[in-house]
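The values are calculated or read from the model by the stated rules, or taken from the named source; none is laboratory data. Fair warning: this is a prediction, and the values are worked out from it, not measured in the lab. Neighbour counts are summed over all protein chains in view; Cβ atoms, including those assigned to glycine, are modelled from backbone coordinates with ideal geometry. The protein model used for the area step is the full one, side chains on, heavy atoms only, and it has no ligands, DNA or RNA in it. Shrake-Rupley method; radii C 1.70, N 1.55, O 1.52, S 1.80 Å.
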Amino acid sequence: MQVLTAKYEYSDDILKITLHGEIDHHSAKAAREEIDLKILEYRAKTVLIDLQGVGFMDSSGLGLILGRYTHAKEAGSVLKVINPSPGAEKVLRMAGTDKIIPIIHRKNN
Amino acid sequence: MKKAVNETELVFSAVSENESFARCAIASFCAQLDPTLEELSDIRTAVSEAVTNAIVHGYRDSGCGKVYISCKIYPERTLVIKVRDKGCGIEDIALAMTPLYSGDPSGERGGMGFSIMESFTDDLKVVSGVGKGTTVIMTKKFSPFTFPSASSENG
């Protein structure tokens, strides 16, 4: 079973959170708290959540992203999603979260 | 309905560790239909939603009870998946299926489970009785199989 891991990088007022693995109800539970603490710790202007390495995501992933968006907003940060895998992007767009949270595709980042 | 050409059944404990097991097992069973990557991803997602609902709502995250999955392949590449729990049941199915409605007070699940099942399969039926449990029946018709040589000729 693939576990969900998170890597944090901070520079130029940007906190980049790179998630890797599968996001479901089980794996989201543990990730939630850790990500929220990091968002509060850095209080960066921008929080980027990189979903390139997320091979699977269901509505628990949606909940994770939306919940972190709200949490980041409260901490004064703007949250964006970068490089979602096709499966993750389909779920995000199906739910219409892209209308609130921008999805950005960029190379080599 | 015609007779199933192949079928499998799964029974497992209603614990969240099994969400990943269930979607992987059903995806492996579907491999014989040679699905596209998107079709396989749709099935994995829909199964994950149904199983999570059974664990979180059916059994109220108690870790007690079992989830029952039956998966049948019918002629013309049609797959029917039934996910059943013997949990608390749904009082108001129409309300539970409303997009963004969530029975989970933490608000961390998004309330999009049924919407995803509906959008990622071709048909979704929900049968439920309070105190008896819930059965979710999902049907998906896979795109016609094309031999690699035929598809390369067509570009």
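Below is a table of values for the structure above.
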| read-out | value |
| --- | --- |
| Tally, over segment A:58-80, of residues that are among the β-branched types (V, I, T) and surrounded by fewer than 22 Cβ atoms within 10 Å (Cβ to Cβ) | 2 |
| Condition met for B:G87 (at negative phi, of a type in the set (G, A, S) and touching a helix residue (DSSP H, G or I) at 6+ places or on another chain (Cβ under 7 Å)) | yes |
| Selection status of B:A50, of a type outside the set (S, T, Y) and in contact with a helix residue (DSSP H, G or I) (Cβ under 8 Å, 6 or more places away or on another chain) | yes |
| Among the candidates B:G65, B:G87, B:G113, residue that is small (G, A, S) and within 20 Å of A:G67 (Cβ to Cβ) | B:G113 |
| Pairs, first away from every other protein chain (no Cβ under 11 Å) in segment A:26-42, second aromatic (F, W, Y) and open to solvent by 90 Å² or more (accessible area, probe 1.4 Å), C-beta under 8 Å, six or more apart | A:Y42/A:Y10 |
| Every residue from segment A:73-109 that is in contact with a strand residue (DSSP E or B) (Cβ under 9 Å, 6 or more places away or on another chain), away from every other protein chain (no Cβ under 13 Å) and polar (S, T, N, Q) | A:S77, A:N83, A:N109 |
| Residue list for segment A:66-87, restricted to those being free of Cβ contacts under 8 Å to residues at least 40 places away in the same chain and of a type in the set (G, A, S) | A:G67, A:A72, A:A75, A:G76, A:S85, A:G87 |
| Flag if B:V67 is away from chain A (no Cβ under 11 Å) and open to solvent by less than 10 Å² (accessible area, probe 1.4 Å) | yes |
| Segment B:89-117, residues that are surrounded by fewer than 19 Cβ atoms within 10 Å (Cβ to Cβ) and at pLDDT 95 or above | B:G89 |
